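Below is one structure, written out as structure tokens, with a few remarks after it.
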Amino acid sequence: FDDTNPSKEEVEFVESIMEDIRWLGFDWEDRLYFASDYFEQLYDYAVQLIKLGHAYVCDLSPAETREYRGTLTTPGKNSPYRDRSVEENLDLFQRMRAGEFEDGSRVLRAKIDMASPNLNMRDPVLYRILRQTHHRTGDKWCIYPMYDYAHPLSDYIEGITHSICTLEFEDHRPLYDWPLEVLNLKNRPQQIEFARLNLTHTVMSKRILRELVEQGIVEGWDDPRMPTISGLRRRGVTSEAIRDFSERIGVAKSNSMVDIGLLEHCIREDLNKNAYRVMAVLRPLKVVIENYPEDLVEELDAENNPENPAMGSRKLFFSRVLYIEQEDFLEDPPKKFFRLSPGKEVRLKHAYIIKCERVIKDEKTGEIRELRCTYDPETRSGLASGNRKVKGTLHWVSAPHAIKAEVRLFNHLFRSENPGEEKGEPGCQASLNPDSMEILTSCLVESGLTKATLDRRYQFLRQGYFALDRVDSSPQNLVFNRIVSLRDSWAKAQKS
């Protein structure tokens, strides 16, 4: 862990990262390191750099430092404090550590080359004064090393052979090598850059994601719409799906964009084999089967997963009053509408064929309140007499046995395929999708979901794949997140 900046490092992040790595299926065993473990050694290395004439204490303000640094087309200028003696620099640096100076009043800088074409080599800052409590060292230090200085030396201390980073750090590689070379350290680590993961409709910048969290645009780092491990986990994505996706895309040496459809395809492939099939009605419409006995309740058998017979079966309850989806009924349907409409028949999944006889509406609003239907008792699924064919099959729940639930439907957090292209608003916020989350509070699910657990995933028939929300759900208040829809555009594109 790079914990060199106490103003940005929190125990919350450390614990969350360790939890995420374990959840992904990995373990660091006895290799848990913090840069703060080496603060004393890093300070000693800085003293050596001063003695070798490769570092000096600078009194320029941050604004003056930027001015002296130059630009990509003009060289920088030497700081007026660059030629301080070794003795004066050692004294000032020791006094910086002792807390004699105000925050930001002095820094320790490397003495490299203010005319270097690489701006990172123009006497970069190695230490700054910062009075802030550190989550591991408390108030022991008031000076902290910069990341570019602490990184290579921490790697060296740990015996790292190859330090993996993303391509934007390629220009930092000379600075990574610099302290190792001038201190004449043996068996030096080597920095190697690879392309970072870029997904369509997604932002991977920690700075921008932090803005979304701090401004309350999302609920937190584990918001199910966030491209974080904790967000994906809360949404219900499995670690197996993430590992499969990572293996498929591999590691590249050049930047590219990965279609988020591939990630969703990997998630569906995993869930198709391992998710329990259940029925849930998200926008309920009441159905009364008038010729079904009022006091009769039937138990029907249904497979938990036709793709995985080892997952067994479950019982469904069928009764006179049911609920179906509102969108599965149209009073005046277009051609090729094979769901329910007046005078038409459909099959209820695992059950009977029903026919819509009447539509009951609210006298004041004219809205459909319920449907009155009849059923054919000779058409029960699974029985020899029940093989009559109809074109439409609907999912349903029994009214007396249904369980109330909240369902959250998630879409891409950003509308644009490449949110970074938008200009004019900070943090890609011009591309934010206002419909990235829809909350449905009147959903009904089959009775077996009273025993739903966090480790199980569910396919709501014809709706998508869902999981319990690990933060907001409780046995008394079921909350389900949609992990991914059933439609697999990636697989369809690959097939074509």
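The values are calculated or read from the model by the stated rules, or taken from the named source; none is laboratory data. Quantities reported herein were computed from a predicted structural model and do not represent experimental measurements. So basically every Cβ, Gly included, is an ideal-geometry build from the backbone, and we count neighbours across all protein chains shown. Note: accessible area is taken over every heavy atom of the protein model, side chains too, but ligands, DNA and RNA are not part of it. Shrake-Rupley method; radii C 1.70, N 1.55, O 1.52, S 1.80 Å.
Would you mind getting me the FRET efficiency between residue 186 and residue 32? Use the beta-carbon distance for r and R0 = 30 Å, nearest 0.05. Between residue 186 and residue 32 the formula returns 0.75.
Solvent-accessible area assigned to carbon and sulfur over the chain amounts to 47 percent, based on a 1.4 Å probe. Taking the longest Cα principal axis of the chain as reference, the axis of helix 86-98 is set at about 40 degrees. Projecting label points 7 angstrom from Cα along Cα→Cβ for residue 207 and residue 165 puts them 1.6 nm apart. For residue 437, the residues whose amide H sits under 5 Å from its own are 411, ignoring neighbours fewer than 5 places away on the same chain, with H placed 1.01 Å from N.
Put simply, the amide H of residue 369, placed in the peptide plane, has neighbours under 5 Å in 360, 361, 362, leaving out anything fewer than 5 places away on its chain. With point charges of +1 on the Cβ of Lys and Arg and -1 on the Cβ of Asp and Glu, referenced to the Cα centre of segment 124-228, which listed residue (137, 227, 172) lies farthest in the positive direction of the dipole? My answer, from the dipole projection, is 137. A cut-off under 13 angstrom between Cβ atoms defines the neighbours of residue 72, and their net charge, with Lys, Arg +1 and Asp, Glu -1, is +1. Over 18 Å between Cα atoms: which of 361/404; 315/349; 273/451; 273/391 fall into that group? Among 361/404; 315/349; 273/451; 273/391, the Cα-Cα distance tops 18 Å for 361/404; 273/451; 273/391.
Per-residue packing, averaged as other Cβ atoms within 10 Å, sorts the ranges 401-412, 311-322 into the order 401-412, 311-322, beginning with the highest. Compared with the dominant Cα axis of the chain, that is its longest principal axis, helix 173-182 is turned about 40°. To the nearest 10 degrees, how steep is helix 260-274 against the longest Cα principal axis of the chain, on a 0 to 90 scale? So the inclination is approximately 50 degrees. Taking a sphere under 14 Å around the Cβ of residue 184 and counting the other residues whose Cβ falls inside, with K and R at +1 and D and E at -1, yields a net charge of +1. The calculated FRET efficiency for the pair residue 383 and residue 487, based on their C-beta separation and a Förster distance of 51 Å, comes to about 0.95. When only the Cβ of Lys, Arg, Asp and Glu is charged (+1, +1, -1, -1), the dipole of the chain relative to its Cα centre reaches about 1740 debye.
Stretching residue 257 away from residue 358 to a fully extended chain increases their span by 31.0 nm, per 0.36 nm per residue minus the current alpha-carbon distance.
Selection among 237, 203, 21 by position relative to the dipole of the chain gives 237 as farthest towards the positive end (Cβ unit charges, Cα centre). The local environment of residue 119, defined by Cβ-Cβ distances under 15 Å, has a net charge of -1 under the rule Lys, Arg +1 and Asp, Glu -1. With each label modelled as a point 7 angstrom along the Cα→C-beta vector, the residue 13-residue 214 pair spans 1.1 nm. Here's the picture: charge each Lys and Arg Cβ at +1 and each Asp and Glu Cβ at -1 in the chain, and of 57, 333, 1 the one pushed furthest to the positive end of that dipole is 333.
With R₀ fixed at 60 Å, the C-beta to C-beta distance from residue 78 to residue 430 puts the FRET efficiency at about 0.90.
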